[in-house]
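The next block holds one structure in the form of structure tokens; read it before the comments.
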Amino acid sequence: MTATLHPAAPAPAEPPSQLEAWLAAEAAQRALLERGPGPGVAPREVALGLDGHTLMQRMLAGELPFAAIAHTLDFMLVEVGPGRAVFQGTPGPKLLNPMGGIHGGWYATLLDSALGCAVHTRMPVGRAYTTAELSVNLVRAVPPTLPRVRAIGEVLHCGRQLATAEAKLVGPDGTLYAHGTTTCLVFEMPSK
């Protein structure tokens, strides 16, 4: 009896690392944004006529302008859902403080963006919010060589007058670099 040799089955492909998945999501998001209007402010009549979740989805789809601060500080909105917003940022040399670390204001801006946009997704048509309190805890230095971090914001409470949310700033390996909370005042948007 002769043995039949079968070619070895190809090894299963390695699943992408978390960083690779983040970079792929960022590239797809960047392509959408590059086709859109770029940084700016949504027209008032559009903002007045949309609930917050729809407005944020349209921004994510590149149909509405994104905040100019994101372009300035090298971060972007990569995900929104009801009561949730995720921003991805690129630490690097242009964000260094005089001591050679990533400036704490960058951490705070990423967290504030995730917190505020998470709250924004819960706004019904005609309602808006403003940050009344922001608390940020820096727990570890973000290495300037770290390729990306994510700020993940989630609403804890959204009422008629107040909304609260929490966010964390993490690396692709799950390392926590900072966390924060916000209290927002919720109000009726003035028509003019």
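Working only within the stretch 117-134, note down all residues that are of a type outside the set (A, V, I, L, M) and farther than 23 Å from residue 79 by Cβ. Explain how you work it out, then say what you get.
Within the stretch 117-134, the first condition is being of a type outside the set (A, V, I, L, M), and the residues that meet it are 117, 120-122, 124, 126-127, 129-131, 133.
The answer is 126, 130, 133.
Name the helices (runs of 4 or more DSSP H) wholly within the stretch 20-99 that hold at least 2 residues that are surrounded by fewer than 19 Cβ atoms within 10 Å (Cβ to Cβ) and modelled with pLDDT under 95? So that I can check it myself, show each step before the final result.
On the way: elements: 44-49, 52-60, 68-72.
Of the helices (runs of 4 or more DSSP H) lying wholly inside the stretch 20-99, those with at least 2 residues that are surrounded by fewer than 19 Cβ atoms within 10 Å (Cβ to Cβ) and modelled with pLDDT under 95 span 44-49, 68-72.
Could we say that residue 13 is modelled with pLDDT under 95 and more than 19 Å from residue 88 (Cα to Cα) here?
On the way: modelled with pLDDT under 95: yes; more than 19 Å from residue 88 (Cα to Cα): yes.
Criteria met by residue 13.
I need the full set of residues from the stretch 100-125 which are modelled with pLDDT of 95 or more, part of a loop (DSSP other than H, G, I, E, B) and surrounded by 14 or more Cβ atoms within 10 Å (Cβ to Cβ), in order please. So that I can check it myself, show each step before the final result.
Start the filter on the stretch 100-125 by keeping residues that are modelled with pLDDT of 95 or more, which leaves 102-125.
Narrowing further to those that are part of a loop (DSSP other than H, G, I, E, B): 103, 121-125.
Passing the criteria: 103, 121, 122, 123.
Within the stretch 129-140, track down each residue that is of a type outside the set (Gly, Ala, Ser), in a strand (DSSP E or B) and more than 21 Å from residue 187 (Cβ to Cβ).
Residues of the stretch 129-140 that are of a type outside the set (Gly, Ala, Ser), as a first pass: 129-131, 133-134, 136-140.
From what's left, in a strand (DSSP E or B): 129-131, 133-134, 136-138.
The answer is 136, 137, 138.
Could you check the stretch 78-97 and list, in sequence order, the residues that are in contact with a helix residue (DSSP H, G or I) (Cβ under 6 Å, 6 or more places away or on another chain) and within 11 Å of residue 26 (Cα to Cα)?
Scanning the stretch 78-97 gives 78, 87, 88, 89.
So which pairs qualify, if the first residue must be in the stretch 34-50 and farther than 17 Å from residue 70 by Cβ, the second must be aromatic (Phe, Trp, Tyr) and modelled with pLDDT under 95, the Cβ gap must be under 9 Å, and the two must be at least 6 apart or on different chains?
Close Cβ pairs satisfying both conditions: none exist.
What number of residues within the stretch 141-165 are of a type outside the set (A, V, I, L, M) and part of a strand (DSSP E or B)?
Narrowing the stretch 141-165 to residues of a type outside the set (A, V, I, L, M): 143-145, 147-148, 150, 153-154, 157-161, 164.
Okay, now just the ones that are also part of a strand (DSSP E or B), so 150, 153-154, 157-158, 164.
Residues flagged as of a type outside the set (A, V, I, L, M) and part of a strand (DSSP E or B) within the stretch 141-165 amount to 6.
Can you tell me how many residues within the stretch 166-192 are touching a residue at least 60 places away in the same chain (Cβ under 8 Å), hydrophobic (A, V, I, L, M, F, W, C), within 21 Å of residue 122 (Cβ to Cβ) and in a strand (DSSP E or B)?
Adding up the residues that qualify gives 3.
Within the stretch 151-176, can you find the residues that are closer than 19 Å to residue 21 by Cα and either loosely packed, with under 13 Cβ neighbours inside 10 Å or touching a Pro at 6+ places or on another chain (Cβ under 8 Å) (or both)?
Those that are closer than 19 Å to residue 21 by Cα and either loosely packed, with under 13 Cβ neighbours inside 10 Å or touching a Pro at 6+ places or on another chain (Cβ under 8 Å) (or both): 172, 173, 174, 176.
The values are calculated or read from the model by the stated rules, or taken from the named source; none is laboratory data. Bear in mind that the values here come from a model prediction, so they are computed numbers and not experimental data. Here Cβ is always computed from backbone atoms with ideal geometry, including for glycine, and neighbour counts include all displayed protein chains.
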